[in-house]
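Taking it in order: structure first as C-alpha cells, then the write-up.
Just so you know, all these numbers are worked out from the coordinates, no wet-lab data involved. Every value quoted in this text rests on a predicted model; they were computed, and no experiment measured them. Here the Cβ is made from the backbone with ideal geometry for all residues, glycine too, and neighbour counts use every protein chain on show.
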Amino acid sequence: MNHRFSPTIWLTAAAAGLAVVLGGCASSDPDMISRDNAQTMSQVQDGVVLSVRKVTVDGSQSGVGAAIGGVVGAIGGSAGSGVQRESQVLGVLGAVAGAAAGNAAERLVTKEDAIEILVQLKGGERRAIVQAKGAQNFEPGDAVIIVTTGNKVRVTKAPK
C-alpha cells in the first residue's frame, strides 16, 4: 500500500505549521511584560503626549520561515515525479521556491500595527517611542510615564 501524500497536502500542512510557529513569536505589546523584566527596577520619566500616529512594524526574517518553506518545498518538489533524476531536480527547485515563499510568509505573519508616540519630558526634551497598540489610547495632552527597563521602552498613562 502506498502512503505518499500529494505536494498540496505537504504545502498546506507546512503553511499551517509556519503560521503556528511564527504566531507564537515575541510581540511589542506594551501590556505584555517579559519574564526577564519582572521584579527588575525600571527608570521612569514623566511627560506629555505631543502627537500619536499609526505605523507598521516590519515583519521579522529570522530564517525560520525560509527553513520550513525550503524543507517543505523540497519534499513537495521531489514527490512530483517518479523518475529519480527529475525528482531530484524538482526537489531542488521546490526547496528554493519554498524557502522564498516561507521567508515572505514569515515577514507577513510577524508584521504588526503599532503607534508612534511623541512625548515631551518635563525638562523640555522630546522622545519618540514606537510600540504596539495596547489597551490604552493616547491623545495629545495626555500625561504619561515613559518606563525604561534595560533597552526596552514603553509608554503608559500617568496615574491621576
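Some values worked out for this structure:
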read-out: Pairs beyond 19 Å (Cα-Cα), from 54/160; 111/133; 122/152; 133/157; value: 54/160; 122/152
read-out: Point-to-point label distance, residue 96-residue 137, nm (Cα→Cβ direction, 7 Å offset); value: 5.1
read-out: Ranking of 156, 148, 40 by count of other Cβ atoms within 10 Å, fewest first; value: 40, 148, 156
read-out: Cα-projected label distance for residue 51 with residue 113, points at 7 Å along beta-carbon direction, nm; value: 2.1
